[in-house]
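Take a look at the structure below.
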Amino acid sequence: MTIAALIVAAGRGLRAGGGLPKQWRPLAGATIAQRSVDAFDRHPGIGPMVLVVAADSDPALWPRQARDGSCRVVTGGETRRESVLAGLDALAAGGTGAEKVLIHDAARPLVPAAVIDRVIAALGAADGAAPALPVTDALWAVADGRVAGPRDRAGLWRAQTPQGFGLAAIRAAHHAHAGDAADDVAVAQAAGLSVAVVPGDERNLKITGPDDFARAERLLSEEAADMTARPAFDVRTGTGFDVHRFGPGDHVTLCGVAVPHGRGLQGHSDADVGMHALTDAIYGALAEGDIGRHFPPTDPQWKGAASEIFLAHACGRAAGRGYRIANAD
């Protein structure tokens, strides 16, 4: 089952300050959107990714996956629902083979892999699945700055993303929906789809105001300290092997270097056997298949692609899981 990720980053989001939409503002060294895309890029259960941006967004601020072509970029609409629909249409028309889709707000940059796992697992038994946390605080109705009365919190949950669905079903639901909606669960329910609730995570906060930036930075700092304190005992080794046949051409590309030659190597990408072997070794060490799984030769967007794109992706997945490459031969 191929599962796609659709990350929505088309909002204006200026309430957080800083003069930029919040998704393009830095958070401990990386933009909020970059951190959101990274969370899905390094997850082994996620295949193709689509990032939805505003028409006037600056490509220089886009996540690196959007700039190198490993994540497709789509222009969104005036509302969140229009932006989601643009992304769903792109997934359906792009030949990705995706059967399921996880729709995530870029403003939630710290989504844990365990939350993504739970949403994916729940999709096996329901039309949709979404993470949420039960409301534990007392609730009041307030009028004119004064408490008007208590409200029952029983059965109330705080919704989070990613919200997962069958791609065809949620796309049809969005096309049939009139007006805007609070989120994709609301659209799904209006179409009669059942949505399972899975446990969310307090770390999966939505960046809205300045205080949220401070809280997110604290969480990242705590996670970094925890990683530093862990013993470095998890060592992995991977082996890569690659073959391309000779054919017409005037050079051979090896490890990114064009070597003049009377023949060339034939392949869907640039046929760089050196980088392919190294990339497959890293994927192998992570138990994440090979280049063909992440960049299938049936996808025309990788025709003639530079293999440094594949190697950067593999290195990024290793770094995202806390590994450091110590030696390569």
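The values are calculated or read from the model by the stated rules, or taken from the named source; none is laboratory data. Quick caveat, the model's predicted, so the values are computed rather than measured. Please note: Cβ atoms are built from the backbone with ideal geometry, for glycine as well, and neighbour counts cover all protein chains shown. Please note that ligands, DNA and RNA were not included when accessible areas were found on the heavy atoms of the full protein model with its side chains. Shrake-Rupley method; radii C 1.70, N 1.55, O 1.52, S 1.80 Å.
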In degrees rounded to 10, the 0-90 angle between helix 167-176 Cα long axis and the longest Cα principal axis of the chain is 50 degrees
Find the accessible area per residue for the range 132-218; the probe is 1.4 Å, ligands and nucleic acids are left out, and the unit is Å². 58 Å²
By how many degrees, 0 to 90 and rounded to 10, does the Cα axis of helix 32-41 deviate from the longest principal axis of the chain? 60 degrees
Residues in the range 172-209 reached by a label modelled at VAL142 [backbone nitrogen below 17 Å; 7 Å Cα→Cβ]: 209
Rounded to 5, percent antiparallel among DSSP beta bridges of the chain: 50 percent
Suppose every K and R has +1 on its Cβ and every D and E has -1 on its Cβ; what is the size of the dipole of the chain about the Cα centre, in Debye to the nearest 20? 360 debye
What accessible area per residue, rounded to a whole number of Å², is obtained for the range 1-83 using a probe radius of 1.4 Å? 41 Å²
What is the packing order of peptides 192-200, 152-160, taking the mean over residues of other C-beta atoms within 10 Å and listing the highest first? 192-200, 152-160
Hey, can you rank 259-266, 84-91, 137-144 by average C-beta count inside 10 Å, highest first? 84-91, 259-266, 137-144
At q = 0.23, 0.24, 0.28 Å⁻¹, what log₁₀ I(q)/I(0) does a Debye calculation on the Cα points of the range 1-64 give, no solvent, two decimals? -0.97, -1.04, -1.27
Spatially proximal lysines relative to LYS22 (Cα-Cα < 26 Å; intrachain offsets below 8 disregarded): LYS206
Just HIS251, HIS174, HIS294 to compare: in a GNM of the chain, with alpha carbon springs under 10 Å, which one fluctuates most? HIS251
List every residue whose amide H lies under 5 Å from the amide H of ALA5, counting only residues 5 or more places away in sequence or on a different chain, with H placed 1.01 Å from N in the peptide plane. GLY47, MET49, VAL50, LEU102
In degrees, nearest 10, the alpha-carbon axis of helix 273-285 is tilted away from the dominant principal axis of the alpha carbons of the chain by 40 degrees
Helical mean residue ellipticity (222 nm; -39500 (n - 2.57) per DSSP H run of 4+; nearest 500) of the chain: -9500 deg cm²/dmol
P(r) tail for the range 122-164, what percent of Cα pairs lie past 15 Å? 59 percent
Fraction of accessible area attributable to carbon and sulfur, the range 125-193 (%, probe 1.4 Å): 53 percent
The simple spin-label model distance between ASP117 and MET1, using points 7 Å out along Cα→Cβ, in nm, is 1.6 nm
